[in-house]
Structure formats: C-alpha cells, structure tokens
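Working notes, structure below.
Nothing in this text is a laboratory measurement; each read-out follows from the coordinates by a stated rule. No experiment lies behind these values; they were computed from the predicted model shown. Ideal geometry is used to build each Cβ from the backbone, glycine not excepted, and the neighbour counts take in all protein chains shown.
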Amino acid sequence: MDDFEQLKQEVNQCTQCVLSKTRTNVVFGEGSRHAEIMCIGEGPGYYEDQQGRPFVGKSGQLLDKILDVCGFNRKEHVFIGNIVKCRPPNNRDPLPEERETCIPFLYKQIELIDPKIIILLGATALKGLIDPNAKITKVRGEWMEWNGRLIMPTFHPSALLRNEKLKRPAWEDFKKVVSKYRELVNENHYSAHC
Ligand code: SF4
C-alpha cells in the first residue's frame, strides 16, 4: 500500500475528535491524486456524509459546473477535499479544536498530491488553512502564497447559491485560476468560456 492509500485508510478509521461519533461516513476527498489543483471546502454536509463523497449536494453541483466551464474536472485536474473530514451535526461550523485535530490530514494530502494551485472555498477553509482572523470578503480574488504554493481564496458555492450577486466576482476568481493554470501547467489548456 502506498502513502496515499495508507493515509486514506487512516482517515477513514479516525476517531480523534467528537465528529466521529455522529458521522455516517468519513469524507476523505475525491479527485486525481496527481491533480495540479486542489479545492478545499469546509466540511461534509448531509449528502456528503451519506455518500462519503465531497461536494455532492447543490453546492457540489454548482462547483462541478464552474469547474466544467473552466475546462477542469474531478477525474483529471482537481482533487476536492475539506478542512474537516466528518460532518458537524446540523451543518454547524466545525469548532476550532475539531479543525485543529483534523488539519494534519489535509496537510498530508497537500504534501502527497502536491498541487500547484489551491482554491480555498469560503471563510472556514481560509481561516483553517491560512489565518483564523482572515476575512474572505477582503482577500478573495487575490493570489496568496502558503508554503510555496499558490492560493486563490474565493466564495464557497453555497454562498453563491444564497446570493446571486457573488457569482460574478467568483467567476472572475476562477478565470484567474484558469489563466494561472495555463501559465504553470498547460499553456494549451482548453476552456470554452475563458
Ligand atoms: S473530523 Fe477529522 S479528526 Fe475528527 S474524527 Fe473525522 S477525520 Fe478524525
């Protein structure tokens, strides 16, 4: 078994925080393990918990649509994960101690997948990975650097579903990702809309 499979097994059996008591399934993450882009969200919701897969509800469908317009998909270009791997009850925000307990798994995923670009989806991802005091509305759309990797913070797809007005700025953020992908990974990357 290689390191990635070992990590997956470890995460799937984890009982290090209280979220293990109420989860149905652990959501390790999904996508290419050689992805050049990682999308990181907050944590599993109801459908993700039921299916053991990330971003499968309405937000996930919207994320897939956005990725598709960018010419990306989960199989080839992107790995999708979360700050916490188990669903917080009633979709509450993960508590700081839950985030802290789970985050080493995400660090390990990032190390093993080794993406060139990380897209942080929403405030919890931003606070969990970069800075607990950072505000998504202030920093979204601007490239940041974290441990030698490029980070693009943007809105969580669920925020776009709640507020149509955020769709335009979020799209601008994803256009920057496509452009950076062409610069760093594949200059001939095809996207129908940007
Ligand atoms: S949320 Fe993370 S730390 Fe907590 S039980 Fe699940 S995998 Fe383990």
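When Lys21, Lys85 are arranged by Cβ crowding within 10 Å, least crowded first, meaning fewest neighbours, the order is Lys21, Lys85. Counting every C-alpha pair in region 1-86, the share spaced more than 19 angstrom apart comes to 38%.
Between Leu161 and Asp2, the simple label model (points 7 Å from Cα in the Cβ direction) yields a spacing of 3.4 nm. Normalised by the number of residues in region 106-194, the mean separation of alpha-carbon contacts (under 8 Å, six or more apart) gives a relative contact order of 25 percent. Counting only Cα atoms, the chain measures 44, 40, 29 Å along its principal axes, largest extent leading.
Counting neighbouring beta carbons within 10 Å and listing from fewest to most, the residues Cys86, Cys70 come out as Cys70, Cys86. Once you have a ≥ b ≥ c as the square roots of the Cα gyration tensor eigenvalues for region 85-194, tell me rounded if a/c is under 1.5, and otherwise prolate or oblate according to whether a/b is larger than b/c. It is oblate, given that a/c is not under 1.5 and a/b is not larger than b/c. Region 42-114 and region 1-40 have Cα centres spaced 10 Å apart.
The C-alpha atoms of the chain define a longest principal axis, and helix 96-113 lies at about 60 degrees to it. Going by alpha carbons, how many degrees (0 to 90, nearest 10) lie between the helix axis of 58-69 and the longest principal axis of the chain? Helix 58-69 and the main axis of the chain meet at about 30 degrees. In the chain the longest region clear of GluC sites (Glu not before Pro) that are loop-assigned by DSSP and have at most 13 other C-beta atoms within 10 Å covers 1-75. Counted by neighbouring Cβ atoms within 10 Å, the residues Ser191, Ser59 run from fewest to most as Ser191, Ser59. Within the chain, the longest run free of chymotrypsin sites (Phe, Trp or Tyr not before Pro) that sit in a DSSP loop with at most 16 other Cβ atoms within 10 Å is 1-142. Put a plus charge on the Cβ of each Lys and Arg, a minus charge on the Cβ of each Asp and Glu, and nothing anywhere else: the dipole of region 3-184 about its Cα centre is then about 580 debye. Given a cut-off of 19 Å, name the pairs among Lys65/Lys176; Lys85/Lys108; Lys8/Lys108; Lys21/Lys108; Lys8/Lys85; Lys21/Lys75 whose C-alpha atoms lie farther apart than that in the structure shown. Over 19 Å Cα-Cα: Lys21/Lys108; Lys21/Lys75. In this rough spin-label picture, where each label sits 7 Å from Cα along the Cβ direction, the Glu172-Asn73 distance is 3.1 nm.
The helix-only estimate of mean residue ellipticity at 222 nm for the chain, built from DSSP H runs of length n ≥ 4 each weighted as -39500 (n - 2.57), is -12500 deg cm²/dmol after division by the residue total.
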